[in-house]
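Trainee: Quick one: the structure is below, questions incoming.
The values are calculated or read from the model by the stated rules, or taken from the named source; none is laboratory data. Note that the structure is predicted; figures quoted are calculated from it, not measured. Cβ sites come from the backbone with ideal geometry, for glycine too, and all protein chains shown count toward neighbours.
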Amino acid sequence: MIEVKDLHKSFGEQNVLKGIDFVFETGKTNLIIGQSGSGKSVLLKSMLGIFTPEKGKIEYDGKAYSSFNPEQKRELRKEMGMLFQGGALFDSMTVEENVMFPLRMFRKGKKKNHLDRVYEVLDRVKLGEEHRKKFPAEISGGMQKRVAIARAIVNKPKYLFCDEPNSGLDPKTATIIDNLIHELTVEYEITTVVITHDMNSVLEIGENIAFLKDGVLAWKGDKSQIFKTDDETVTDFVYSSDLFKKVRQAQLQGL
Ligand SMILES: Nc1ncnc2c1ncn2[C@@H]1O[C@H](COP(=O)(O)OP(=O)(O)OP(=O)(O)O)[C@@H](O)[C@H]1O
């Protein structure tokens, strides 16, 4: 669980986060949504320890980051998995070398044991044996995401941070990737935080949603609530997509 309490973050004169309170729950996919510039990435980077808030707290399973010494911060970093926009794989490394990378960085041990773990996670994300020695450019976008997910979970993280994990994918593959992230979250009891712009993702895996507007937590709830709420701030955002507007109209007309 990650608990954010009265979090404030500014850059110069600009107050980007203005007192965010939210609990990111364990074993759930916790989504951060909101318009461009609302502060989603700043919130995520604050949870990663990249930004230091001016005020407020972030607690990881009850322990405040501000109370950690450098060694504890390093330990915490080992417990974090990251899945960046576009996958961010190393082009010059094979699939298995990419997944091996965090293991070699953070864990001691024999290469053979590392490789066993790499194959275990690649199997878990259903990436076939025939792809292990390929380079990222030689596999599809969906497969690249699977590799990036495997790399993010190879160290058995307690916390998984995903920045638009399904960007650039077709809707079907995007849904498969969303569901894979959700399955792993439940299976390994990870506290997963996902930034998304994709309302399909909200519909698929929105178990606990933080909706940010201008650096404020404007709404929270889950996927069943977000499509029912009459809160105008939320409906303006959710139904800004034509498709969802049509779904909403059909719903209201009882179709
Ligand atoms: N390192 C930084 N230095 C100065 N300002 C920053 C920095 N990072 C973010 N900001 C500002 O904070 C505001 C919120 O940015 P943020 O990236 O969190 O938005 P976002 O909701 O993630 O947007 P998007 O959906 O477009 O990624 C923006 O006005 C941005 O310019």
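Trainee: Kindly state which strands (runs of 3 or more DSSP E) lie completely within the range 149-255 and contain at least 1 residues that are β-branched (Val, Ile, Thr) and away from the ligand (no atom under 15 Å from the Cβ).
Mentor: 191-195
Trainee: Looking at the range 32-51, I want the residues that are under 17 Å from ASN208 (Cα atoms) and have a partner that is more than 9 Å from the ligand (Cβ to nearest atom) and in a helix (DSSP H, G or I) with Cβ atoms under 7 Å, at least 6 apart or on another chain. Which pairs are those?
Mentor: Partner pairs satisfying both residue conditions: ILE33/VAL202.
Trainee: Restricted to the range 132-152, and to residues that are touching a Phe, Trp or Tyr at 6+ places or on another chain (Cβ under 8 Å) and crowded, with 23+ Cβ neighbours inside 10 Å, which residue is nearest to THR196 (Cα to Cα)?
Mentor: ALA148
Trainee: Among the strands (runs of 3 or more DSSP E) lying completely within the range 1-108, list those that include at least 1 residues that are away from the ligand (no atom under 16 Å from the Cβ) and within 26 Å of ALA218 (Cβ to Cβ).
Mentor: 2-11, 14-24, 28-34, 55-60
Trainee: Separate question: Got at least one residue in the range 178-187 being more than 12 Å from the chain's Cα centre (by Cα) and among the hydroxyl-bearing types (Ser, Thr, Tyr)?
Mentor: The answer is no; no qualifying residue exists.
Trainee: Is it true that VAL216 is within 15 Å of the chain's Cα centre (by Cα) and assigned by TED's automatic domain parsing to the domain that holds MET47?
Mentor: Details: within 15 Å of the chain's Cα centre (by Cα): no; assigned by TED's automatic domain parsing to the domain that holds MET47: yes.
The answer is no for VAL216.
Trainee: Identify all residues within the range 78-136 that are of a type in the set (Asp, Glu) and either under 20 Å from ASN179 (Cα atoms) or over 23 Å from the mean Cα position of the chain (by Cα) (or both); write none if there are none.
Mentor: Residues of the range 78-136 of a type in the set (Asp, Glu): 79, 91, 96-97, 116, 120, 123, 129-130.
Hits for the range 78-136 are ASP116, GLU120, ASP123, GLU129, GLU130.
Trainee: Within the set of pairs 6 or more residues apart or between chains, which connect a residue that is closer than 9 Å to GLU96 by Cα inside the range 131-147 to a residue that is part of a helix (DSSP H, G or I) and of a type in the set (A, V, I, L, M, F, W, C) with Cβ atoms less than 7 Å apart?
Mentor: Every condition considered, the pairs that remain are HIS131/VAL95; HIS131/MET143; ARG132/VAL95; ARG132/LEU122; LYS134/VAL95; VAL147/VAL95; VAL147/VAL99.
Residue by residue, here is whether (1) under 30 Å from PHE135 (Cα atoms); (2) among the basic types (Lys, Arg) holds:
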position	(1), (2)
THR29	yes, no
ILE33	no, no
LEU43	no, no
ILE58	no, no
LYS63	no, yes
ASN69	no, no
LEU76	no, no
GLY81	yes, no
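Trainee: While we're on this one: Could you tell me whether any residue of the range 20-41 is farther than 24 Å from ILE190 by Cα and of a type in the set (Lys, Arg)?
Mentor: no
Trainee: Checking the condition in contact (Cβ under 8 Å) with a residue 60 or more places away in the chain, buried (at least 22 other Cβ atoms within 10 Å of the Cβ) and in contact with a helix residue (DSSP H, G or I) (Cβ under 7 Å, 6 or more places away or on another chain), which residue from LEU122, LEU127, LEU160 passes? Show your work before the answer.
Mentor: Details: LEU122 fails: in contact (Cβ under 8 Å) with a residue 60 or more places away in the chain; LEU127 fails: in contact (Cβ under 8 Å) with a residue 60 or more places away in the chain.
None of the other options fit; the residue is LEU160.
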